[in-house]
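The values are calculated or read from the model by the stated rules, or taken from the named source; none is laboratory data. The structure displayed is predicted, hence computed values, not measured ones. Here the Cβ positions follow ideal geometry from the backbone for every residue, glycine too, while neighbour counts run over all protein chains shown.
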Amino acid sequence: MSSRQRGNFNYKLAFKLFSSFFFLSAIMDVLAEANGIFALNLLKTLGKDNSKNVFFSPMSMSCALAMVYMGAKGNTAAQMAQVLSFNKSGGGGDIHQGFQSLLTEVNKTGTQYLLRMANRLFGEKSCDFLSSFRDSCQKFYQAEMEELDFISAVEKSRKHINTWVAEKTEGKIAELLSPGSVDPLTRLVLVNAVYFKGNWNEQFDKENTEERLFKVSKNEEKPVQMMFKQSTFKKTYIGEIFTQILVLPYVGKELNMIIMLPDETTDLRTVEKELTYEKFVEWTRLDMMDEEEVEVSLPRFKLEESYDMESVLCSLGMTDAFELGKADFSGMSQTDLSLSKVVHKSFVEVNEEGTEAAAATAAIMMMRCARFFPRFCADHPFLFFIQHSKTNGILFCGRFSSP
């Protein structure tokens, strides 16, 4: 090969690599937007009862439903694309390639946080699932399409699913499917479970944690273990909704917790009502936030939430998938199929833990001369989001309303 040919070859290779990177970057942006819109729609739907805590993983749910979408056709596919906001990208194979890259990035090993996302489809063994669909689940979603005997071994199938989920979530989610949740008419079960635990980039000192009152409402207060930290954080104030926004990075700064805390005179429902994906992006831009020394008070909490998603997804417009006779999953199987169950369970624990190095830095900061610091006191209901920095994907959404 001549030097000119080598030059052309290198140029073509570089162009191909650049084009591939640009394409994946563009589809990841589209996916982040689709996931974000879906996340906020779910937050508003799951959180209609303002007094309840909410916690779920929109990314895990969107990812698992995308597997089902891969086998959907016609109106079933159109409804799913609408609810999941996949129609923004044209809803084609690009979506699945995007999820392939996203899962590789999010589930990578060697991180300084613990994240377990378990997605799997369980199908009735008498239904003949297409090999092309099985292969695509494995290729794009690192997930298997597993056949079970729902007709004659219901309880065994239920326990098998629960055991699989428990193994994938460090034992934190042990009983995903309750007795009676599947029956001999079950044909297809979509399961997604999430377990997350991350250490703060700078820890809260356990010695500073003390019992304080959390204002659940104007008329109700409950005791919480309130953590305290004085350090430099990114924060901003959105006058439009009278709300402070604080960014708490996890160790390694690959993930952040974003907390939206309205003023005490502002109802959290007002914030939720005004929140759109466009505003979320605008309000949480790190380069537009101030970095300042802040006194942060945050309750220590643990949430474990479980949702039967059928009614929620139907209310958002995804109705055909659950109705035999209307559901079209001909890209999955030639048997008439409908989605029998979508169950989502999630677990989060927020406490003082951090790294020793960060604790040393914090100790030095605490030795500065005493002066006034802005306060961020989360002693009343707030929203929180856990975001993956590199992809801008919202991994988790939550509302802490009551201890």
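Which residue is surrounded by the fewest Cβ atoms within 10 Å (Cβ to Cβ), if the candidates are limited to the stretch 274-311 and must be assigned to a helix (DSSP H, G or I) and in contact (Cβ under 8 Å) with a residue 24 or more places away in the chain? This residue is Met288.
So, in the stretch 312-331, how many residues would count as being among the aromatic types (Phe, Trp, Tyr) and under 18 Å from Val343 (Cβ atoms)? It would help to see each step written out before you state the result.
Of the stretch 312-331, the ones among the aromatic types (Phe, Trp, Tyr) are 322, 329.
Narrowing the set further to residues that are under 18 Å from Val343 (Cβ atoms) leaves 322.
Adding up the residues that qualify gives 1.
Working carefully through the options Ala321, Ala378, find the one that is farther than 30 Å from Asn107 by Cα, modelled with pLDDT of 80 or more and buried (at least 16 other Cβ atoms within 10 Å of the Cβ).
Working: Ala321 fails: farther than 30 Å from Asn107 by Cα.
Matching residue, one of Ala321, Ala378: Ala378.
Within the stretch 98-132, the set of residues being outside any helix (DSSP H, G or I), free of Cβ contacts under 8 Å to residues at least 60 places away in the same chain and within 22 Å of His388 (Cβ to Cβ) comprises Asn107, Lys108, Thr109, Gly110. Residue-level check: of (1) in contact with a Gly (Cβ under 7 Å, 6 or more places away or on another chain); (2) modelled with pLDDT of 90 or more, Lys156 misses just (1). Number of residues in the stretch 181-239 that are among the hydrophobic types (A, V, I, L, M, F, W, C), within 24 Å of Lys253 (Cα to Cα) and over 26 Å from the mean Cα position of the chain (by Cα): the value is 1.
Looking at Glu175, Glu170, just one residue is closer than 18 Å to Val343 by Cβ, at pLDDT below 90 and surrounded by fewer than 18 Cβ atoms within 10 Å (Cβ to Cβ), and that residue is Glu175.
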